[in-house]
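No value in this document is a laboratory result; all are computed from the given coordinates. Keep in mind that this is a model prediction, so the values were computed, not measured. FYI the Cβ positions are ideal-geometry reconstructions off the backbone, even for glycines, and counts take in every protein chain you see.
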Amino acid sequence: MDIFSHVVFGALIYLLFLRNISYEYFFLALFFVILPDLDIFLMLLKGKFKSTYLDHRAGSHSYVIGVILSFIISLVYSPLTRKPFFIVWIVGSFFYGIHVSQDMLTTTKIPYLYPLSKKEKGFYVEKAGSLFTMICSTIFFILLIIFYYNSVDLNYYRILVDFYTSFFLIYYLYRIISKILVSTKLNGNQQYLPGVLPFYYLIFDKEIEDKKISLSLIKKAHFRIAKEILKYEVFLNLEEITLFEKATKLSKSNYYFAKWTTLPLFIRRDGVFSVKLFFLEIMTRKKTLHVQYDFDYSTQQLISFSQKRSKIQIL
């Protein structure tokens, strides 16, 4: 989820539950709600310490890390501001946890209990970096600015805040229920992928049987007829199956690529067998990032690798 929407949602939750108690922790709460995404600065240390948990949306996106960081920051913040240590710690842990919870709803898995557990979880009810929520958050900020410069009555501020809080809570609830209901009807070869807009979603069907690979990608909406946007069927020989497995293993060795669902396409040409793996979670209008592994047929060795964003096309 984009940091802009994290700030808006954190602010709305604070105003919903704590505005009648105190506003004095408001900016502290906003700091903690964006703190997990400051891990982009930790990436500078990745080369030295060789740890994937210094990546973005890695070790920092954990409830356990949130409690620990909140405790450490509270040890400094509380004496400086003379605010109760326990309240600062609770506010910090809670709003840090809001950020982690929001990112768990997306299609990017996170190690939510690191370092107690390296297991990663994602509920696949929202696209990571959702354009829809970012636009909604932008409109909210624009309205706040308009209200401010036009000296609008305070009651209208409260109406706006209550409306947007209700909107976001209903929106996420709708996404969760939608995913649960659709998933109960899927078979073991199918996977639910949320669309950009809340009413749309994709069903990816991948079936591997002996030497045959069958793929389909269906775009659906709750109020429209389903549309098949891709159908692919290919037969591989034993050598090609081995190379496909090699490409899949190489892809999964990358921390980020291992998180995503891949749609494989294959190219045969002049003694070279190429495996293209398209990542579906970040697809928009059939365009997405893909990696390509080129293997020499005779030696079975990898001869080149590339990655770029392109449209999924069956050649």
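Think of each Lys and Arg Cβ as +1 and each Asp and Glu Cβ as -1; about the Cα centre, that makes the dipole of the chain roughly 260 debye.
When only Cα pairs under 8 Å and 6 or more residues apart are kept, what is the percent relative contact order across the range 190-311? Intermediate values should be presented prior to the final figure.
On the way: 215 pairs, mean separation 16.9, N = 122.
In percent, rounded to a whole number, it is 14.
Against the chain, whose longest principal axis is taken from its Cα atoms, helix 154-183 shows a tilt of about 30°. In terms of its C-alpha gyration tensor, the range 81-136 comes out oblate, because a/c is 1.5 or above while a/b does not outweigh b/c.
Among the listed pairs Lys48/Lys308; Lys206/Lys311; Lys119/Lys252; Lys219/Lys311; Lys50/Lys109, a Cα-Cα separation exceeding 25 Å is found for Lys48/Lys308.
Mean sequence separation of contacting Cα pairs (under 8 Å, at least six apart), scaled by the length of the chain, corresponds to a relative contact order of 11 percent.
Of the residues Pro194, Val152, Phe71, the one whose Cα sits farthest toward the positive end of the charge dipole of the chain, with +1 on the Cβ of Lys and Arg and -1 on the Cβ of Asp and Glu, is Pro194. If the segment from Ile90 to Gln190 were pulled out straight at 0.36 nm per residue, it would be longer than the present Cα-Cα gap by 31.9 nm. Helix 85-104 and the longest principal axis of the C-alpha atoms of the chain enclose an angle of approximately 30°.
I want to verify the translational diffusion coefficient of the range 3-181 in µm²/s; compute it with Stokes-Einstein, Rh as the Kirkwood radius over Cα pairs, at 20 °C and 1.002 mPa s.
122
Binning the C-alpha pair distances of the range 190-311 at 10 Å intervals from 0 yields a P(r) profile of 12, 42, 33, 11, 2, 0 %, listed from the shortest bin outward.
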